[in-house]
Amino acid sequence: MSEILRYLCEVASGQLPMKEIIHVTLFPVYGKQNDYYTIDALLFLWEHRAKTHPSYVRDATAANVKVVSRPDR
């Protein structure tokens, strides 16, 4: 978990370009085998954590980012 947080902190602080880690997969999708959320999906969720789930889903879809499902939030 600390490695994940380190990546997210580096991206948030601008030390690591987002394109370098976009396809790194770390968290499995609830109820699906061999399907994972990318760091960009998790970072997008974190940045929009205060929004309701439907609002977050609309924004993620518009930004072409994989949506983190409600059970995984």
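Values in this text are rule-based calculations from the coordinates and carry no lab data. On a predicted model such as this, the values are computed, not experimentally measured, just so you know. Note that each Cβ is placed from the backbone with ideal geometry, even for glycine, and that neighbours are counted across all protein chains shown.
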| Where labels lie 7 Å past Cα in the beta-carbon direction, separation of Glu3 and Val57 in nm | 3.3
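What is the extension gain from Glu10 to Tyr30, computed as 0.36 nm multiplied by their sequence separation minus the C-alpha to C-alpha distance, in nm to one decimal?
This chain segment gains 4.6 nm when fully extended.
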| message | Could you compute the net charge surrounding Arg73? Neighbours are other residues with a C-beta less than 12 Å from the C-beta of Arg73; K and R count +1, D and E count -1. | response | +2
| field | Under 5 Å, built H, 5+ apart or other chain: amide partners of Tyr36 | value | Val29
